[in-house]
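Each remark here refers to the structure printed beneath this line.
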Amino acid sequence: MKKIATIQDISCFGKCSLTVALPIISAMGVETAVIPTAVLSTHTGGFTGYTFRDLTEDIPKIAEHWKKIGLEFSGIYTGYLGSKEQISMVSDFFDSFGTEDNFIVVDPAMADHGKLYAGFDEEFVSAMTGLCAKADYIIPNMTEASLLLGIPYIERHDREYAEDILVRLAGLGCRVPILTGVDSGDGREGAAAYDPESGKFYYSFRDHIDCCCHGTGDIFASVFTGAVVLGKSLQHALDISVNYTADCIEKTFPEREEMWYGSAFELCIDKLLEYIK
Ligand code: PXL
């Protein structure tokens, strides 16, 4: 059975990070080993007064134990990381568990809608940029891509701009950058990727939904990582990730509570299983 190691926080309420990655990757038939980096009562976007238990010192200990018992992974996937120190530990984890045959996926989960998440600063962005250089795939949204490149965030963009951003992201050193929240220019929205080896751009779009909910970036990255580990092509992995993420948002809209409670991803797992057949 294929295995993915994923390193991110547990937000106990407000579906995101591990509470999204674990069920989704498992549903795809891939075993999911987790390193929780922190336990929060909720995520930090939209809630106030959340608790935060830092698990930084457990990260290298868990890695060391895994090494001792000979664990190997087909994919390593990182999401929200709480500090520069955690980024440095994750970088060591890549050195220790990355091989010629496995994939490293970094979702530089640190910002959205033109703003950094609470508690992050420029130094954090710079450390995350270094981590992205070590990845096979990085999956920023437009805000995160702008921060990684040190350029202003532009809300409205066209495909030419997205392609320019992708080429620049590839220049950071990762193998294939993927940009989420890309505007098709004709009322659709989705993701784009660039493979510098072939010089080819890849796109996948769905009709724009006028609603957003928290944690969709984590859904996208979890599905993408699962799809790549299952051996899907870049185009197919993009299509599966865009379609499932859009399905989740559509399902959430009619019965949504607060948008920061997360999406109703549980209600469309059947579609995900269809897409990966
Ligand atoms: O969905 C990204 C995410 C993950 N984990 C925590 C967060 C956020 C975004 O705000 O706060 C703790």
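The values are calculated or read from the model by the stated rules, or taken from the named source; none is laboratory data. Because the structure is a prediction, the values reported are computed rather than measured. Every residue, glycine among them, receives a Cβ derived from its backbone with ideal geometry; neighbour counts consider all protein chains shown. The accessibility values were calculated without ligands, DNA or RNA, using every heavy atom of the protein model including side chains. Shrake-Rupley method; radii C 1.70, N 1.55, O 1.52, S 1.80 Å.
In order along segment 24-40, the phi-based Karplus estimate (6.51 cos²θ - 1.76 cosθ + 1.60, θ = phi - 60°) of 3J(HN,Hα) comes to 6, 5, 4, 4, 7, x, 10, 5, 10, 8, 10, 10, x, 8, 6, 10, 10 Hz; Gly and Pro are listed as x.
The shape of the chain comes out rounded: with a ≥ b ≥ c from the C-alpha gyration tensor, a/c is under 1.5. Given R0 = 22 Å, the distance between the Cβ atoms of PHE13 and ALA33 translates into a calculated FRET efficiency of 0.40. The string of couplings for segment 146-159 from the Karplus curve (6.51, -1.76, 1.60, θ = phi - 60°) is 5, 5, 4, 8, x, 10, x, 7, 10, 6, 9, 9, 10, 5 Hz, one whole number per residue in order, with x for Gly and Pro. Mean separation of Cα pairs under 8 Å and 6 or more residues apart, divided by the residue count, gives the chain a relative contact order of 17 percent.
Computed over protein heavy atoms with a 1.4 Å probe, the carbon and sulfur contribution to the accessible area of segment 3-276 reaches 50%. Name the shape class, rounded, prolate or oblate, that the alpha-carbon gyration tensor gives for segment 1-86, where a ≥ b ≥ c are the square roots of its eigenvalues, rounded holds for a/c under 1.5, and otherwise prolate holds if a/b is larger than b/c and oblate otherwise. It is oblate, given that a/c is not under 1.5 and a/b is not larger than b/c. The DSSP beta bridges internal to segment 6-92 are antiparallel in roughly 25% of cases. In this structure segment 3-276 gives 43 Å² per residue of accessible area when probed at 1.4 Å with all protein chains present. Secondary structure note: in segment 3-276, about 45% of the DSSP beta bridges are antiparallel.
Length gained on full extension, ASP195 to ASP58: 45.8 nm, using 0.36 nm per residue less the C-alpha separation.
Sequence-distant contacts, meaning Cα pairs under 8 Å at least 6 residues apart, place the relative contact order of segment 148-274 at 18 percent. Annotation for VAL167 and SER91: the two label points, set 7 Å from Cα along the Cα-Cβ direction, are 2.8 nm apart.
Remark: the chain carries a charge dipole of roughly 500 debye about the Cα centre, counting +1 on each Lys and Arg Cβ and -1 on each Asp and Glu Cβ. Computed on the Cα atoms alone, the convex hull of segment 116-173 gives a volume of 81 cubic angstrom per residue. Once both labels are positioned 7 Å from their Cα atoms along Cα-to-Cβ, the gap between ILE154 and HIS65 label points is 4.9 nm. Close amide-amide hydrogen proximity is noted between GLY181 and GLY190, each under 5 Å apart and 5 or more residues distant or on a separate chain (H modeled in the peptide plane; Pro and chain starts excluded).
Taking a ≥ b ≥ c as the square roots of the eigenvalues of the Cα gyration tensor, segment 195-277 is classed as prolate, since a/c reaches at least 1.5 and a/b is larger than b/c. When the C-alpha to C-alpha distance is required to be over 27 Å, the pairs from LYS61/LYS277; LYS2/LYS277; LYS3/LYS115; LYS61/LYS115; LYS2/LYS67 that qualify are LYS61/LYS277; LYS3/LYS115; LYS61/LYS115. Cα centroids of segment 123-158 and segment 229-262: 21 Å apart.
Backbone phi angles across segment 45-62, fed through the Karplus curve with coefficients 6.51, -1.76 and 1.60 (θ = phi - 60°), yield HN-Hα couplings of x, x, 9, 10, x, 6, 7, 8, 9, 7, 10, 3, 6, 7, 4, x, 5, 5 Hz in residue order; Gly and Pro are listed as x.
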